[in-house]
Amino acid sequence: MEKLVMIPGPTPVTRSIQDEMGREIQAFGDPRFVSDYKEVIDSLGQMVGCKGASFVVAGTGTLAMEMAIANVTKPGDNVLIISHGFFGDRFIEICDRKDLQVDVLQSEWGKIVPLTEIEAKLIEKYYAAVTVTHVDTSTGVRAPIQEIGKLLTQYQDTIYIVDGVCATGAEIENMAEMHIDILFTATQKAFGVCPGLFMLWASEKALARRKSFAKIPEYYVDFLKWLPVMEDPRKYFATPAINLVWALKESVRIIKEEGLKSRYERHEKHARAVQKALETVGFKILAEPAHRAVTLSNVIYPDGVNDLAFRAKLYELGVMVAGGLGPYAGKMFRLGHMGNITMHDIVAVLSVIEQALVSFGKPIKPGTAVGTYLEEINA
Ligand SMILES: *Cc1c(COP(=O)(O)O)cnc(C)c1O
């Protein structure tokens with residue numbers, strides 16, 4: 001049986017995107033590919049309100065995290081990491097390895113770091129960069145990136161880095177309006193493309209910071225190696241992942257066709273409906289209501305449900321979800337609902353969750369979660 005992939009990335013890949021992956025290869029210098037590549041790069045910049053440069057590079061989100069840090073810091077610099085979970089924490093080791101001085105503000109899982117704590121740190125000392133994860137996939141918490149960006153306008157020499165890997169293309173984001181200097185994501189999350197590419201956007205300020213260093217130790221992720229290619233894709237630095245670029249181009253076309261605003265609204269509406277539906281059948285959502293993401297839900301089990309057995313049951317019934325991380329391993333599952341999924345997928349998933357609950361002895365009337373979901377999206 002086909003399994004519905006409802007983990008927080010990779011997300012389901014629609015047929016028209018799959019077809020791009022299966023196309024006959026072209027040379028990277030073929031004028032047809034060059035024109036496709038250029039179109040993707042330009043569209044992506046417009047999509048997130050980037051006034052600097054857009055990079056589309058083979059690699060995953062983690063490589064984008066490294067690229068962000070590598071280009072705007074030098075050993076000894078202070079970096080402030082605002083972390084709402086596992087992926088926020090990932091910046092700590094990346095920075096440690098580059099001999100940066102790291103201060104970390106960590107929230108309790110499910111909550112956010114208060115703005116007042118961030119402000120207190122910024123007053124205390126100069127930070128070369130501040131990192132925030134827009135949606136931390138381990139907690140389902142959405143950070144107030146607009147408010148943090150506003151705070152940072154008073155610190156013009158600080159580079160504001162936002163990890164959008166589980167957000168961009170689904171959560172409201174705009175670099176110019178939110179004062180973001182570096183934003184990045186990867187193809188397998190809200191863009192609904194297979195894993196393998198990341199997209200990173202750098203503001204003029206971020207590019208200027210890189211140019212203020214003669215060189216950086218990293219080679220593959222150096223902005224200045226890729227910049228000439230992004231400006232003129234006829235140039236070569238390292239081979240572009242041609243079929244993935246085509247797949248991404250199709251994804252961007254789908255996003256434009258839906259309209260970014262409608263896409264944001266769809267994610268919001270369906271996420272809230274899913275979250276309410278799960279609550280009506282006895283689950284709890286880890287993230288506080290005011291800080292819940294629209295891209296995924298981190299769902300805590302009611303008493304008496306075994307994580308491995310529950311997820312195995314869902315799998316048997318055709319749905320794959322992800323397990324909890326860190327302190328929530330074994331206590332919750334993570335359900336992705338981002339990208340190019342439809343109402344039909346969500347109805348199927350909720351009905352399978354109901355069936356699994358019934359099989360574990362929970363007295364759920366079939367249709368309870370599905371009914372709540374349908375009521376909410378039609379409200
Ligand atoms: C998935 C994810 C990453 C890591 O991306 P990979 O493509 O797995 O390297 C980083 N940050 C967030 C918020 C993510 O969800």
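Starting from the 7 Å offset along Cα-to-Cβ, what nm value, one decimal, do you get for the label separation of residue 214 and residue 376?
5.7
For an R0 of 35 angstrom, estimate the FRET efficiency from the Cβ-Cβ distance between residue 19 and residue 303 and round to the nearest 0.05. Mind dumping the intermediate values first?
Values: r = 46 Å, r/R0 = 1.32.
About 0.15, to the nearest 0.05.
In whole Hz, with x marking every Gly and Pro, tabulate ³J(HN,Hα) for region 20-35 from phi via Karplus 6.51 cos²θ - 1.76 cosθ + 1.60, θ = phi - 60°.
5, 5, x, 5, 4, 5, 10, 5, 5, x, 4, x, 5, 5, 4, 5
For residue 280 and residue 1, what does the FRET efficiency come to when R0 = 25 Å and r is the distance between their Cβ atoms, rounded to the nearest 0.05? All intermediate terms of the calculation are to be shown ahead of the outcome.
Numbers: r = 27 Å, r/R0 = 1.10.
Efficiency at R0 = 25 Å is approximately 0.35.
With each pseudo-label sitting 7 Å past Cα toward Cβ, what's the residue 51-residue 258 distance in nm, one decimal?
Simple spin-label model gives 2.9 nm for this pair.
Mind checking the full-extension length gain between residue 238 and residue 343? Use 0.36 nm per residue of separation minus the Cα-Cα distance, one decimal, nm.
Numbers: separation 105, 0.36 × 105 = 37.80 nm, distance 3.99 nm.
Between residue 238 and residue 343, full extension yields 33.8 nm more.
Between residue 32 and residue 316, what length in nm is gained on full extension when 0.36 nm per residue of separation is reduced by their alpha carbon distance?
Working: separation 284, 0.36 × 284 = 102.24 nm, distance 4.40 nm.
Contour length minus Cα-Cα distance gives 97.8 nm.
Taking the simple approach of a point 7 Å from Cα along Cα-to-Cβ for both residue 177 and residue 125, what is their distance in nm?
3.5
Per the helix-only calculation at 222 nm, which mean residue ellipticity applies to the chain, given -39500 (n - 2.57) for every DSSP H run of n ≥ 4 and division by its residues, nearest 500 deg cm²/dmol?
Rounded to the nearest 500, it is -13000 deg cm²/dmol.
Going by amide H atoms built from the backbone, whose H comes under 5 Å of the H on residue 323, apart from near neighbours?
334
What is the set of long-range amide H partners of residue 101 at a cut-off below 5 Å, with H atoms built 1.01 Å from backbone N?
Amide H neighbours of residue 101: 76, 77, 78, 79.
Which pairs break 23 Å Cα to Cα here: 38/269; 51/249; 211/235; 51/211; 313/365; 125/225? Don't skip to the answer; put the middle values down first.
Values: 38/269 33 Å; 51/249 20 Å; 211/235 20 Å; 51/211 17 Å; 313/365 18 Å; 125/225 32 Å.
Those over the limit are 38/269; 125/225.
For region 15-257, what % of the accessible area comes from carbon and sulfur atoms, probe 1.4 Å?
That fraction is 52 percent.
Taking amide H atoms as placed 1.01 Å from N in the peptide plane, list the residues 5 or more away in sequence, or in a different chain, whose amide H sits under 5 Å from that of residue 285.
300
Report the calculated FRET efficiency for residue 101 and residue 225 (r = Cβ-Cβ distance, R0 = 22 Å), to the nearest 0.05.
Numbers: r = 27 Å, r/R0 = 1.21.
The formula returns an efficiency of 0.25 here.
List the chymotrypsin sites (Phe, Trp or Tyr not before Pro) within region 122-165 that DSSP assigns to loop and that have no more than 12 neighbouring Cβ atoms inside 10 Å. Provide the component values of the computation, followed by the final result.
Values: sites: 126, 127, 155, 160; in loops: 126, 127, 155.
Answer in residue order: 126.
The values are calculated or read from the model by the stated rules, or taken from the named source; none is laboratory data. Computed from a predicted structure; not experimentally measured. Virtual Cβ from ideal backbone geometry, glycine too; neighbours counted across all protein chains shown. Heads up: the accessible areas ignore ligands, DNA and RNA and are worked out on the full protein's heavy atoms, side chains in. Shrake-Rupley method; radii C 1.70, N 1.55, O 1.52, S 1.80 Å.
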